[in-house]
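One structure is given below, encoded as structure tokens.
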Amino acid sequence: MASGRVVITRTLAADAAQALWRDERIQPLLERIRPELILEHTPLDFPSYPYEWPAEMLHAAAELTLELAMALLASGLGLKDATPYNVLFRGPDPVFVDVLSVEQRDPRDPLWRAYAQFVRTFLLPLAVWKRFGLAPGEVLLARRDGLEPEDLYGWLGWRRLLPPWLSLVTMPVVLGARRRDDLSIYRPRRLREPEQARFVLGALFRSLKRTLRKLAPPPRRSAWTAYAETRTHYSEEQAQAKDRFVSSALEEFRPRRVLDIGANVGRFSAMAARRGASVVAIDCDAAVVGQTWRMACRDRLDILPLVVNLARPTPAVGWRNAECLSFLDRARGRFDLVLMLALVHHLVVTERIPLEEIVSLAAEFTTDLAVIEFVAPQDPMFQRIARGREHLHRDLIPQEFESACRARFAILRSETLPGSFRTLYLLRRSG
Amino acid sequence: MLLYTDPGSGALLWQALMAGVVGLLFYVRKFTSWFRGKNEKKDSNQ
């Protein structure tokens, strides 16, 4: 806990516990389970879910889970489960939050009962990303408990004889098929000596660590990863003017919580984080979100990068859609400043979202400010993504955008980048 | 110890198989360190 890698947890103060007992929503649950102890942990600023993480973050969560399991082994303790849902992120750092997962271990039991879950929810999604390029988010959104070895066995063909598939998929499938109805396999196994059980578990954890190291996601390239470096649609002068506009807004208002939508590799997120803001940076491209995470770790910046497509934001998931909140429910009213840079034209052209809707959603996220870049149809990037459909957006002029803004915001200032069709707006929420 | 999470079936058997092999290595290692210790003792006595 002292290192911050496990969430700080304490016994709930007596008056707070009594308040819980008086809460009509919670009282029935407490009466049913009659808890001896109620714990609370320090809240983390913005909860995120494994299906919003790039592979890099899933890998970091797996490392933390395994390191914790290894550290507990020496104290006679263990983890009863090993799922990414036990981990949240504070900025780019994983934090283990499910302290109730820690239990007293049977000292002579040589098996880690959470092994299969660790494989299903961490190792197989990482292996599938590395080998087939299927993002972990796509797997974990639909499957809370990850990938079963049986799911993959058919896809692998001859590769099933190669590592890591041989031990993670093929052997479990072959062995499991023979003993499918044999319930005796779930009976506890005990060795003669606790020291021997600890030796076996230590070897298992080291072997998992080696596998995990081999599954470390390499930096990936996508259509958007080189966007910030090349930025051919901005001249040097335009890029500098844009940087100046955003940094002056950050300097002037010093927002504490920033949402950077369409963050790409996090250039402006870093700008905000360097000025002391806590930033949530979202982008729909898993490769750029992975790069942002690496940058935030390297430069020690308070940036939480997430794979979220604003046009199709993470839905509420789980039983009655109530186990995990949607992205919008978590983000509404949580930020002092929203950045939407070089994004609006993508939403208008590719997703066909009306301007008023885009501005309205920005106003739902922020309690105070927004910086939005408007890109007119004459812009070369606009034309590239419109692909001959510019006539559909003939009416898209700065005045129309400004009128959409005025319904929700006051325009504090605006600046057209020199020699371009791009205008930046600094907006303050009205009403 | 009660199971909390789905332990899989094949994955559990594979882990048990590996645990058996590594469990044997534990005794091999114990024997070799005992044997080495015995030889070192003999050497130091000479």
Among the candidates A:PRO172, A:PRO163, single out the residue that is over 20 Å from A:ALA82 (Cα atoms) and either more than 9 Å from chain B (Cβ to nearest Cβ) or at pLDDT 90 or above (or both).
-> A:PRO163
Would you point out the residue of the stretch A:357-387, among those that are under 16 Å from A:ARG429 (Cα atoms) and of a type in the set (S, T, N, Q), that is surrounded by the most Cβ atoms within 10 Å (Cβ to Cβ)?
-> A:THR366
Check whether at least one residue in the stretch A:38-49 is touching a helix residue (DSSP H, G or I) at 6+ places or on another chain (Cβ under 6 Å) and more than 29 Å from A:PRO217 (Cα to Cα), and report yes or no.
-> yes
Which of the residues belonging to the stretch A:168-202 are surrounded by fewer than 19 Cβ atoms within 10 Å (Cβ to Cβ), in contact (Cβ under 8 Å) with a residue 40 or more places away in the chain and either hydroxyl-bearing (Ser, Thr, Tyr) or in a loop (DSSP other than H, G, I, E, B) (or both)?
-> A:PRO188, A:ARG189, A:ARG190, A:ARG192, A:GLU193
Picking from A:ASP336, A:ASP302, the residue that is touching a residue at least 24 places away in the same chain (Cβ under 8 Å) and out of contact with any Asp or Glu (no Cβ under 8 Å at 6 or more places or on another chain) would be A:ASP302
Determine if the stretch A:138-148 includes at least one residue that is in a loop (DSSP other than H, G, I, E, B), over 30 Å from the mean Cα position of the chain (by Cα) and charged (D, E, K, R).
-> no
The one condition in (1) free of Cβ contacts under 8 Å to residues at least 40 places away in the same chain; (2) in contact with a helix residue (DSSP H, G or I) (Cβ under 6 Å, 6 or more places away or on another chain) that A:VAL349 fails to fulfil | (1)
Out of all the residues in the stretch A:87-105, which are closer than 20 Å to A:ILE303 by Cα and not in a strand (DSSP E or B)?
-> A:GLY91, A:PRO92, A:VAL97
Which of the residues that make up the stretch A:404-431 are closer than 15 Å to A:VAL348 by Cβ and open to solvent by 20 Å² or more (accessible area, probe 1.4 Å)?
-> A:PHE421
Given (1) without any contact (Cβ under 8 Å) to a residue 12 or more places away in the chain; (2) under 19 Å from A:THR211 (Cβ atoms), index of the condition A:SER75 fails | (2)
Kindly provide the set of residues from the stretch A:79-111 that are facing chain B (nearest Cβ under 9 Å) and either surrounded by 19 or more Cβ atoms within 10 Å (Cβ to Cβ) or of a type in the set (Val, Ile, Thr) (or both), ordered by number.
-> A:LYS80, A:ASP81, A:ALA82, A:THR83, A:SER101, A:ARG105, A:ASP109, A:PRO110, A:LEU111
Output the number of the condition that A:LEU215 fails; it satisfies all remaining conditions of (1) closer than 19 Å to A:TRP293 by Cβ; (2) open to solvent by 40 Å² or more (accessible area, probe 1.4 Å).
-> (2)
Could you tell me whether the stretch B:32-40 includes any residue that is within 14 Å of chain A (Cβ to nearest Cβ) and either touching a strand residue (DSSP E or B) at 6+ places or on another chain (Cβ under 8 Å) or modelled with pLDDT of 85 or more (or both)?
-> yes
Which listed residue, of A:LEU361, A:LEU355, A:LEU417, A:LEU426, is under 32 Å from the mean Cα position of the chain (by Cα) and in contact (Cβ under 8 Å) with a residue 60 or more places away in the chain | A:LEU426
Matching residues, the stretch A:11-68, being closer than 30 Å to A:ALA281 by Cβ, open to solvent by 20 Å² or more (accessible area, probe 1.4 Å) and not in a helix (DSSP H, G or I) | A:GLU40, A:HIS41, A:THR42, A:PRO43, A:LEU44, A:ASP45, A:PRO47, A:TYR49
Just one of the numbered conditions (1) at pLDDT 90 or above; (2) within 19 Å of A:VAL7 (Cβ to Cβ); (3) open to solvent by 10 Å² or more (accessible area, probe 1.4 Å) is not true of A:GLY76; which one?
-> (2)
Of (1) open to solvent by less than 50 Å² (accessible area, probe 1.4 Å); (2) modelled with pLDDT under 95, A:THR350 satisfies all except one. Which?
-> (1)
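Go over the candidates A:LEU147, A:LEU124 one by one and state the one that is buried (at least 23 other Cβ atoms within 10 Å of the Cβ), within 18 Å of A:ALA61 (Cα to Cα) and not assigned by TED's automatic domain parsing to the domain that holds A:ALA316. Give the steps one after another, and end with the answer.
Numbers: A:LEU147 fails: buried (at least 23 other Cβ atoms within 10 Å of the Cβ).
A:LEU124 is the lone residue from the list that is buried (at least 23 other Cβ atoms within 10 Å of the Cβ), within 18 Å of A:ALA61 (Cα to Cα) and not assigned by TED's automatic domain parsing to the domain that holds A:ALA316.
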Selection status of A:ILE8, within 30 Å of the chain's Cα centre (by Cα) and within 20 Å of A:VAL97 (Cα to Cα) = yes
Filter the stretch A:233-259 down to residues that are closer than 14 Å to A:LEU339 by Cα, crowded, with 17+ Cβ neighbours inside 10 Å and polar (S, T, N, Q), then give me how many there are.
-> 0
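The values are calculated or read from the model by the stated rules, or taken from the named source; none is laboratory data. Values in this document were obtained by computation on a predicted structure and should not be read as measured data. Methodologically, a virtual Cβ is constructed for each residue, glycine included, from the backbone with ideal geometry; neighbour enumeration extends over all protein chains shown. Note: accessible area is taken over every heavy atom of the protein model, side chains too, but ligands, DNA and RNA are not part of it. Shrake-Rupley method; radii C 1.70, N 1.55, O 1.52, S 1.80 Å.
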